[in-house]
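The structure appears right after this line, and notes come after that.
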Amino acid sequence: MTSAQIDVLLVAVVVAAACAIPGTFLVLRRMAMMSDAISHTVLLGIVLAFFVVADLGSPILIVGAALVGLLTVVLVEATSRTGLVREDTAIGLVFPALFSIAVILISSLAGDVHLDSDAVLLGEIAFAPFNRFAPFGVDLGPVAIWVMGAILLINLACTALFFKELKLATFDPALAAALGFSPALVHYGLMALVSITAVGAFDAVGSILVVALMVGPPAAAYLLTDHLPRMLGLSVLIGATSAAGGYWLARLLDANIAGAMATAVGIAFTLVLLLAPRRGLVAAARRRRRQRWTFARQMLLIHLATHEGTPTESDESHPDHMQRHMRWPADFSARVIQTATDRGLVVLEAEQLRLTPHGREAAKEAAVR
Amino acid sequence: MRIGLRTGGALAIQATDLTLAYQQQPVLWDVDLEVPQGVLMAIVGPNGAGKTTLLRAVLGLLKPAAGEVLVFGQPYADQRRRVAYVPQRGSVDWDFPTTALDIVTMGTYGGLGWVRRPGTSERTRAAAALAQVGMESYADRQISQLSGGQQQRIFLARALVQDADVYLMDEPFQGVDATTERAIVELLRALRADGKTVVAVHHDLQTVTEYFDEVTLLNVRRIAGGPVDRVFTEENLRLTYGGRVAGIGGRAVGNDLEPSS
Amino acid sequence: MIDVLSGLFVDHTLRTVALGSATLGIVSGALGAFAVLRRQALLGDAMSHAALPGVALAFLLTGSRAPLVLMLGAAIAGWLAAAAIVGVVRTSRVKVDSAMALTLSVFFGAGLVVLTFIQRQPAAGKAGLDKFLFGQAAAMLESDVITMVAVGAVGLFGLLALWKEFKLLSFDPDFAATLGMPTRRVDILLTSLLVIAIVVGLKTVGVVLMSAMVVAPGAAARQWTNRLGVMVTLSACFGAAAGVLGALLSTTAETSTGPTIVLVATGLVVVSLLFAPARGLVWVRMRAWRSRRMLALEAVIADLASLAAQHGSNATHPHDIGALNAVRGRAVVERALTELAADGLARQHDTGGWSLTPRGLAEADRLARSRRAPGVAR
């Protein structure tokens, strides 16, 4: 690997880690689509700030972007609070409008400014190594690493400092309010983090990939754990791995790096969705097969228990009745009865299935859950 | 008379050994339900007892894991036109851009088949049903401008238009005003007088004996069922609500229910 | 603008652009209205972003830039995205917002990958695919317009044919199922119409902003009416207006077409939210202000009446209003008194004190009675 390639990889991993942290809370708060909205609208903040400072390298751009990110949230909330449109419609109205203004402003700017909407949407991480951070002539690596590193640190620090508040406001906003932590403050704080992360990241990877990195890794981690700190850690890990994998994929196919990284996030999520130890589709299918037997056995026991001592008992406890009544295939029915007999739950006497005392107890237990 | 029906005539609804599960988690275990023709039956039980689930299973909205449901002796799919459904009021979006009359007209859609639009005769029937629930002057009203009780009456009118033999209602008295409650009770009695059958999920234990002929007590399994005077006892209620019921004579108030007003 | 309008009749390109944008507006407006009602605004966003790999792959595989081929590719990709979202939500605990954001970005990323393959191709035919990001009305050809009209007509015909079914499904799917409607299949059909609405405008508006064209006309139309039929018709009109106006503006001002159309559509929404009769915010505020003022008036009348009652025989005897000011607030009382005086219901005496006139007393009496009468709406 050349040093430029290592730089790209480094930037990618840092971006992925920085995105995963606020993304985790977005996913848990069911606001993932806000990342899409904000990652589009921060462009307007950049453009407006650029009009003021006329310098694309100025940190003021990040401030402007963060402010417009917050403005997006405020506008969406104000629109849906009128009660005239629902929240999803409000998001679908606000962010395209702000983004459109940005695109039109950009196209009206002099053509020689290096800021065009395609680049913002798509990002070009391949150029990241050429923009060096070299104070006093000392080369300290690409600027992108320093910017994203700083944002990553801010995200880490805020999450660590306000972990309790974030957690409470996410899982029990009412309790948070009662305890005096304003859920609204936490909400806007989080949105500010999302905004600065989006603006920092999309210079490198483009706004659409920001969405993939903010939502994909946390969504995958959500299928792997119930523990918030672990989910944060796993999100960072999955994000970084996907970014590195995506870079490798891009080099293999000689394709757009940001696009390949988003694809890698998709692959990572699909793998987790299929293979997660407890919640994966494969595990779930296996569990369902197992449960089907348990469930069938319980159904048999409860059926026998319900009709024990009733006038129709002799009908209801005939082995053939089960097959008809439960709509079980013949061999399935036979196996259910067999396993129930093996476990000493029922006995077959004169074409009648009868509960053993043990089976009666099991039926009662199953019924009360 | 009712006893005669039970043994003689076909049952309006007969569910046998019904077991329902959401993702292998049983919600109803081996439940029997027998609804004779021409009665008003309440389905009563604590929250999470599976009352709505039972109703949805009868309507074929959920596929049972075991057991079967017969409507007048045949599967639901063949008897669709003889069954009307009143869902919980909260289950739909009342800001939908449409009028009261239009909602009631939806009750005629089942008879129209695909593509065909409702015409004058359908709208006339809908208007008549609106009048039956005392809402004729609200026909052109946007549905969000109606009170909760009025919305509930719209739903009832929609069921009336279906001109069915069995009416399944999910909490028809939930959150309605006193006027509407009286109107609904009178409507139920008129339906019974016409020989129709009504099964309603009901929450207010205070009014079960007053409003209904029959009751099914449900808590995952069927605890008891039959005529109200025989079945709606303190003992059965305790079995249903797990001893969390404070008995007051024949009446009972559950702790986890809405405060009965 | 006048030039543009007169140009419409002579300039072939302009006419093509106007026709195409009108078609796109009508189709996305009419079909999008249902998306707004069914809370699928963001699904539209996800599907339109996800259309990118479909367009790119269709070109890569067929080498054709025929509008129908690219639209078909976009439709399949958008449809797959919707299926992926539903699939993830149904089989896992991942919520719908995450599923949408993830699908949107992953599909879009995959689209970028495919685009890089196309860019490496020597074929000159690749030009124009990048326009699918933000759209370009000026690039619209007659063949585009013909395809848009044809595809859009299929969508609109479907909507009209199954109008009753779609309405019932959108309002009360459970009830629809009890009537025997195969709700799952009808749902898929209605979502497919949303896909049509999106692909029809992709080339003009672009994948990034097409979702706004699906949402905005419907959201604006909803404010003006309480009837579904009127709403869908209005939505189509709003869509057409935004499409034509935006496309012509962008052609004359040389801005990107998609953003211009979207801004016009957003303008329609803002006007509707503010000024639509009955629902418009301006009227709602005004009504609230008026009823607050009426309440203040009635309260002051009642206050004066009760002061008069304390005074016994001489009901029109002047009263000091210091106590009133303290309770109700000086500004409120003063404004109310001025109005009452103007209506001849109250008058100020030379001493500076106030009293009701005989007519004012009668009015106070009427108000008090109507307040006492139970159940009488005022």
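Each reported figure results from applying straightforward, stated rules to the coordinates on display, with no laboratory input. Since the model is a prediction, treat every value here as computed from it, not as a measurement. Cβ atoms come from the backbone with ideal geometry, glycine included; neighbour counts cover every protein chain shown.
Given the C-alpha centroids of segment A:314-369 and segment A:243-293, what is the distance between them in whole angstrom?
Using only Cα atoms to place each centre, the spacing works out to 42 Å.
Give the order of A:35, C:143 when sorted by the count of other beta carbons within 10 angstrom, beginning with the fewest. Walk me through the numbers on the way to the answer.
Values: A:35 30, C:143 13.
Fewest-to-most Cβ neighbours within 10 Å comes out as C:143, A:35.
Among C:70, C:281, what is the fewest-to-most ranking by other Cβ atoms within 10 Å? Before the final figure, lay out each step's value.
Numbers: C:70 27, C:281 16.
Ranking C:70, C:281 by Cβ neighbours within 10 Å, fewest first, gives C:281, C:70.
Given a Förster radius of 51 Å and the C-beta distance between residue C:227 and residue A:58 as r, what FRET efficiency does 1/(1 + (r/R0)^6) yield to the nearest 0.05?
Working: r = 53 Å, r/R0 = 1.04.
Computed FRET efficiency for residue C:227 and residue A:58 comes out at 0.45.
How far apart, in nm, are the 7 Å Cα→Cβ label points at residue A:285 and residue A:188?
Taking the simple label geometry, residue A:285 and residue A:188 are separated by 5.0 nm.
Where does helix A:32-53 land angle-wise versus the long Cα axis of chain A, in degrees 0 to 90, nearest 10?
The angle comes out at about 10 degrees.
Once you place label points 7 Å from the Cα toward the Cβ at residue C:91 and residue A:146, how far apart are they in nm?
The modelled label-to-label distance comes out at 4.7 nm.
Nearest 0.05, what FRET efficiency do residue C:286 and residue C:342 give at R0 = 25 Å with Cβ-Cβ as r? Spell out each step's value before the answer.
Working: r = 20 Å, r/R0 = 0.81.
After rounding, the FRET efficiency stands at 0.75.
Out of A:172, A:226, A:331, any idea which swings most in a Gaussian network model of chain A, alpha carbons joined below 10 Å?
A:331
Answer rounded, prolate or oblate for chain C, using the Cα gyration tensor with square roots of eigenvalues a ≥ b ≥ c: rounded when a/c is under 1.5, else prolate when a/b is larger than b/c, else oblate. Provide the component values of the computation, followed by the final result.
On the way: a/c = 3.37, a/b = 2.43, b/c = 1.39.
In terms of gyration-tensor shape, prolate.
Assign one of three labels to the protein assembly as shown, namely rounded, prolate or oblate, based on the Cα gyration tensor with a ≥ b ≥ c the square roots of its eigenvalues; rounded applies when a/c is under 1.5, prolate when it is not and a/b is larger than b/c, and oblate otherwise.
Values: a/c = 1.72, a/b = 1.17, b/c = 1.48.
In terms of gyration-tensor shape, oblate.
With +1 on each Lys and Arg Cβ and -1 on each Asp and Glu Cβ, and nothing else charged, work out how big the dipole of chain B is about its Cα centre, in Debye to the nearest 20. Working shown, then result.
Working: 26 positive and 29 negative charges, 94 e Å.
That gives a dipole near 460 debye.
Does segment A:282-368 classify as rounded, prolate or oblate by the C-alpha gyration tensor (a ≥ b ≥ c root eigenvalues; a/c under 1.5 gives rounded; else a/b over b/c gives prolate, otherwise oblate)?
Numbers: a/c = 1.89, a/b = 1.47, b/c = 1.28.
Prolate shape, in that a/c is at least 1.5 and a/b is the bigger ratio.
Any idea how far the Cα center of segment A:52-84 sits from the one of segment B:102-138, in Å?
Here the two parts' Cα centres lie 50 Å apart.
Residues in segment C:252-290, backbone N under 11 Å from the label point at residue C:138 (7 Å along the Cα-to-beta-carbon vector): list them, ranges by number please.
Only C:252-257 fall inside the zone, counting backbone N under 11 Å.
Taking the Cα centre as origin and putting +1 on Lys and Arg beta-carbons and -1 on Asp and Glu beta-carbons, what dipole magnitude results for the protein assembly as shown, to the nearest 20 debye? Working shown, then result.
Numbers: 85 positive and 77 negative charges, 177 e Å.
Using only the charged Cβ atoms, the result is roughly 860 debye.
Where in segment A:299-369 are there GluC sites (Glu not before Pro) that are in a DSSP coil and have at most 11 other Cβ atoms within 10 angstrom of their Cβ? Don't skip to the end; give the middle numbers.
Numbers: sites: A:308, A:313, A:316, A:349, A:351, A:361, A:365; in loops: A:308, A:351.
For GluC sites (Glu not before Pro) across segment A:299-369 that sit outside H, G, I, E and B with at most 11 neighbouring Cβ atoms in 10 Å, the list reads A:351.
With springs only between Cα atoms under 10 Å, which of A:152, A:304, A:253 fluctuates most in a Gaussian network model of chain A?
With Cα springs under 10 Å in chain A, the top fluctuation among A:152, A:304, A:253 is at A:304.
State the answer as a single residue: which of B:184, B:109, B:33 lies farthest towards the positive end of the charge dipole of chain B, with beta carbon charges of +1 for Lys and Arg and -1 for Asp and Glu, about the Cα centre.
So the residue furthest toward the plus end is B:109.
Place +1 on the Cβ of every Lys and Arg and -1 on the Cβ of every Asp and Glu in the protein assembly as shown, take the dipole about the Cα centre, and give the residue among B:96, C:186, B:241 whose Cα lies farthest towards its positive end.
Of the candidates, B:241 comes out farthest on the positive side.
Going 7 Å from the Cα of residue A:358 in the Cα-to-Cβ direction, what parts of segment A:276-304 have a backbone nitrogen less than 20 Å from that spot?
Within reach of a label on residue A:358: A:293-304.
Given Cβ point charges of +1 (Lys, Arg) and -1 (Asp, Glu) and nothing else, what value in debye, to the nearest 20, does the dipole of chain C about its Cα centre take?
880
Can you tell which of A:255, A:295, A:271 lies farthest toward the positive end of the dipole of segment A:250-325, using +1 and -1 charges on the Cβ of basic and acidic side chains (Lys, Arg; Asp, Glu)?
With unit charges placed on the Cβ atoms, the residue in question is A:255.
Only helical DSSP H runs with n ≥ 4 go in: add -39500 (n - 2.57) per run for chain C, normalise by residue count and round the 222 nm mean residue ellipticity to 500 deg cm²/dmol.
-26000 deg cm²/dmol
Roughly what would the spin-label model give for residue C:83 and residue A:350, points 7 Å off Cα along C-beta, in nm?
Spacing of the two 7 Å Cα→Cβ label points: 5.8 nm.
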